[in-house]
1. State to the nearest 20 debye the size of the charge dipole of the chain about its Cα centre, where the only charges are +1 on K and R beta carbons and -1 on D and E beta carbons.
2. Once you place label points 7 Å from the Cα toward the Cβ at Asn41 and Glu118, how far apart are they in nm?
3. Under 5 Å between amide H atoms, partner at least 5 residues away or on a different chain: which partners does Ser131 have, H built in plane at 1.01 Å?
4. How far is the Cα center of region 1-64 from the Cα center of region 118-185, in Å?
5. Based on DSSP H runs of at least 4 residues, each adding -39500 (n - 2.57), what is the mean residue ellipticity at 222 nm of the chain after dividing by all its residues, to the nearest 500 deg cm²/dmol?
6. Among the DSSP beta bridges whose two residues both lie in the chain, what percent are antiparallel, rounded to the nearest 5?
7. Taking springs between alpha-carbon atoms closer than 10 angstrom, which of Pro167, Pro77, Pro158 fluctuates most in the Gaussian network model of the chain?
8. Students often check this: by mean Cβ neighbours within 10 Å, which of 47-59, 124-136 ranks highest, and how do the rest follow?
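FYI, it's all coordinate maths here, none of it is from the lab. Small disclaimer: the values here were computed from a predicted structure and weren't measured. Here the Cβ is made from the backbone with ideal geometry for all residues, glycine too, and neighbour counts use every protein chain on show.
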Amino acid sequence: MDLTEAIYGRRATRAYTAAPVSKDLLENVIDAAIQAPSAVNEQPWDFTIIQNTSLLDRISAAAKAHMIETMPSGSFPEHLHETLGSPDFHIFYHAPVLITISARAGAWAIENATLAAENLMLAAHGQGLGSCWIGFAQRWLETADGKHALGVPDDFVPVAPIIIGHPAAPAGLVPRQPPQSRWID
């Protein structure tokens, strides 16, 4: 798959098969992630790979509870409150793998981890895997309990919780709105 095909074809995947993802494939997508640029070439990444379903279930429950507890009223559409409150909703969509990219705390931690995350998701798509950045998990993972669950070092901040797995079905194309652009000569 060429780069253009990967960029235009990658979509958030929210339905996965139960098939495990091989260690080789996971190492390949992480290797692609660390090829990303980083501020001052610090390469400050830390990757936590979780394949333990009971741990994923516990993190899902804790993150949902944290979101419900801390979500300001009116900040999210009402259906998201209902979704998070449903005991049947699993924030990781039962994907077999969660890779959380953390970065050393500092001025460009978010940017550094985000650049690595995009590489990781494009590489996953290129290898026939699905991925989805799980924003519902982020705030809880930043807490002391969340960092402890991942074993994230104190001087790092979790930024990008990304699920990975074999898609249950091909992701449909999502129409894109035209960009707002300003051309200044």
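1. The dipole magnitude comes to about 340 debye.
2. Going by the 7 Å Cα→Cβ label model, 2.1 nm.
3. Excluding prolines and chain starts, which carry no amide H, the hits are Thr13.
4. Computed from Cα coordinates, the inter-centre distance equals 7 Å.
5. Details: 7 runs with 76 residues, N = 185.
So the helix-based figure for the chain works out to -12500 deg cm²/dmol.
6. Bridges in the chain that DSSP calls antiparallel: roughly 95 percent.
7. Highest fluctuation among the options: Pro77.
8. On the way: 47-59: 15.5, 124-136: 20.2.
Averaged packing, sorted descending, gives the order 124-136, 47-59.
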